[in-house]
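What follows is a set of notes on a single structure, which appears directly below.
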Amino acid sequence: MVKLMRIIVEEDYQSMSKKAALLVAGQVLLKADTVLGLATGSTPLGMYKELVRMYQEGEVDFSAVKTFNLDEYYLLPPDDLQSYHYFMQENFFKHINIRAENIHLPDGMAADIEEECMQYEKAIEASGGIDLQVLGIGENGHIGFNEPAESLNVYTGLVNLTEETIKVNSRFFSSMEEVPQKALTVGMGTILKARRIILLASGEKKAKAIRDTVCGQVTTQVPSSFLQLHPDVTLILDQAAASLIVD
Ligand code: F6R
């Protein structure tokens with residue numbers, strides 16, 4: 001089978017994270033005012049850690065970089081410990097020399113959510129578009145919070161999270177009731193407009209989603225399968241996540 005995506009398989013999580021950081025840093029070296037699309041979650045933590053190290057050792061400079069995050073929980077304030085605003089500050093932004101005005105995340109507390117989503121799209125467009133989009137992947141093949149469904153959103157919008165995703169996310173909350181059921185997410189069209197995409201996956205829990213992403217049909221039931229339609233996608237996997245890919 002011909003695979004259109006570039007696939008890098010690394011020994012383990014740590015080397016996967018280093019490879020991803022190298023690709024991000026390389027992009028910033030080539031274009032100082034790079035526009036990065038960023039993801040949260042457990043998977044990119046090692047990549048952020050490595051990028052912080054590279055910054056501290058003078059290997060990369062984020063002073064002209066702009067960032068747009070993929071998603072944020074609906075009605076979770078930015079200072080909530082589980083918000084993606086907080087996650088990004090703690091794990092990346094506060095350790096590097098990015099300018100506050102160059103950081104963008106959707107505002108899950110906005111009074112007018114529709115307007116917020118429209119403005120987010122406009123801001124991405126006004127920045128010149130995403131040069132490099134970093135993605136994680138859900139066990140069900142979601143990217144951003146574009147969940148498997150009959151149809152997918154093109155633009156940034158408010159979405160219902162699936163039961164499965166709510167359950168997976170509950171590991172960070174003290175009770176099921178606290179886990180947000182909705183999120184703002186960049187849409188599939190916006191993701192696919194990025195010039196380059198890297199998707200990180202680690203662990204055997206992601207193996208099936210990765211197999212379906214790479215070898216399956218393009219279907220709204222596996223949103224990540226739409227990446228097959230993009231001309232410049234690189235998957236960075238550890239061996240466990242790559243274990244079900246068939247030649
Ligand atoms: C988060 C995001 C999600 C995660 C996915 C995997 O910003 O867009 O699609 O990438 O849920 O999460 P982890 O890495 O925690 O397994």
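The values are calculated or read from the model by the stated rules, or taken from the named source; none is laboratory data. What you are looking at is a predicted structure, and each value in this text was computed from that prediction instead of being measured. Here the Cβ positions follow ideal geometry from the backbone for every residue, glycine too, while neighbour counts run over all protein chains shown. Just the protein is used for accessible areas: all its heavy atoms, side chains included, with ligands, DNA and RNA removed. Shrake-Rupley method; radii C 1.70, N 1.55, O 1.52, S 1.80 Å.
Is it fair to say Ala240 is surrounded by 19 or more Cβ atoms within 10 Å (Cβ to Cβ) and either over 24 Å from Ser17 (Cα atoms) or at pLDDT 95 or above (or both)? Against the criterion (surrounded by 19 or more Cβ atoms within 10 Å (Cβ to Cβ) and either over 24 Å from Ser17 (Cα atoms) or at pLDDT 95 or above (or both)), Ala240 does not qualify.
Anything in region 177-186 that is more than 12 Å from the ligand (Cβ to nearest atom) and either outside any loop (DSSP other than H, G, I, E, B) or under 12 Å from Gly144 (Cα atoms) (or both)? List them, or say none. Within region 177-186, Glu177, Glu178, Lys182 meet the criteria. Out of the residues in region 11-55 that are touching a strand residue (DSSP E or B) at 6+ places or on another chain (Cβ under 6 Å) and open to solvent by 10 Å² or more (accessible area, probe 1.4 Å), which is farthest from the ligand (Cβ to nearest atom)? Here the answer is Gln27.
Of all residues in region 72-92, those satisfying the criterion of being in contact (Cβ under 8 Å) with a residue 24 or more places away in the chain and open to solvent by 10 Å² or more (accessible area, probe 1.4 Å) are Tyr74, Leu75, Leu76, Pro77, Pro78, Gln82, Tyr84, Phe87, Asn91. If the condition is being in a loop (DSSP other than H, G, I, E, B), open to solvent by 10 Å² or more (accessible area, probe 1.4 Å) and either aliphatic (A, V, I, L, M) or within 30 Å of Lys19 (Cα to Cα) (or both), then region 104-129 contributes Leu105, Met109, Ala110, Ala111, Ser127, Gly128, Gly129.
Condition test on Leu199, is it more than 12 Å from the ligand (Cβ to nearest atom), part of a strand (DSSP E or B) and touching a residue at least 12 places away in the same chain (Cβ under 8 Å)? Spelling it out, it is not the case that Leu199 is more than 12 Å from the ligand (Cβ to nearest atom), part of a strand (DSSP E or B) and touching a residue at least 12 places away in the same chain (Cβ under 8 Å). Please go through region 150-176 and pick out each residue that is open to solvent by 90 Å² or more (accessible area, probe 1.4 Å), aromatic (Phe, Trp, Tyr) and part of a loop (DSSP other than H, G, I, E, B). If the condition is that a residue be open to solvent by 90 Å² or more (accessible area, probe 1.4 Å), aromatic (Phe, Trp, Tyr) and part of a loop (DSSP other than H, G, I, E, B), then Tyr155 is the only one that fits.
Across region 99-116, what is the total count of residues that are of a type in the set (A, V, I, L, M, F, W, C), touching a Phe, Trp or Tyr at 6+ places or on another chain (Cβ under 7 Å) and under 16 Å from Tyr155 (Cα atoms)?
Result for region 99-116: 1.
On the stretch given as region 214-247, residues that are within 15 Å of the ligand (Cβ to nearest atom) and closer than 21 Å to Leu45 by Cβ total 7.
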